[in-house]
Every structure is written in C-alpha cells, then in structure tokens.
Amino acid sequence: MTIETIEDFHYKVVVNQEGQYSLWPKGKSNALGWADTGFAGTKSECLCHIRQTWTDMCPLSLRKSLSDKMFPANAQNIAGPFYLAA
C-alpha cells in the first residue's frame, strides 16, 4: 500500500467506556467495548478530530476516582478549596 492509498482509505473515530479514542476502518464492525462517535474521514481528518476532542488522556474511571477524593459528597466544614480523603 502506498501512502496515498492509506490516506485515501476511510476510517471512523470510536470511543470506549473509559473515554479513550481510536481509529477504526469504516465499514468494519467495532471491536468489543468500542462505540462510534459519528465522525468519519481520512486518517488525517480523524486524527485531527481526536486531537480536538480528546483533551484529557486520563481514563474516565481515574478522573471519577480523583474527583470523588477531591470533592467528597459528605465533606463538611472543610477549610480551603480542596479536600483529600485519607
């Protein structure tokens, strides 16, 4: 395959449960755990879309865990903007 052929091949952007993005060949069934985002195009177009969309590389489960520790729902009388649970 030449570079031109690879670039002309169309892909779709997929996302998993952790909010991580990837390219997948358009017209192929998604791998288990991956869902279409609705964006498709050349490899360059898809990579550009991912760069603009995927701004936080941390997996969703890690972001939620950190958020729960930083902002616990049952925290009372906390001095300061942040609270880290011990």
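Some points to look at:
- With respect to (1) touching a helix residue (DSSP H, G or I) at 6+ places or on another chain (Cβ under 7 Å); (2) at pLDDT below 95, the lone exception for T42 is condition (2).
- For beta carbons closer than 6 Å, sequence separation of 6+ or different chains, a first residue in segment 12-38 that is more than 13 Å from T53 (Cβ to Cβ) and free of Cβ contacts under 8 Å to residues at least 60 places away in the same chain and a second that is surrounded by fewer than 17 Cβ atoms within 10 Å (Cβ to Cβ) and of a type in the set (G, A, S), the qualifying pairs are N16/G33.
The values are calculated or read from the model by the stated rules, or taken from the named source; none is laboratory data. Note that the structure is a prediction, hence the values are computed from the model and not measured. Heads up, the Cβs are rebuilt from the backbone with ideal geometry, glycines too, and the neighbour counts pull from every protein chain shown.
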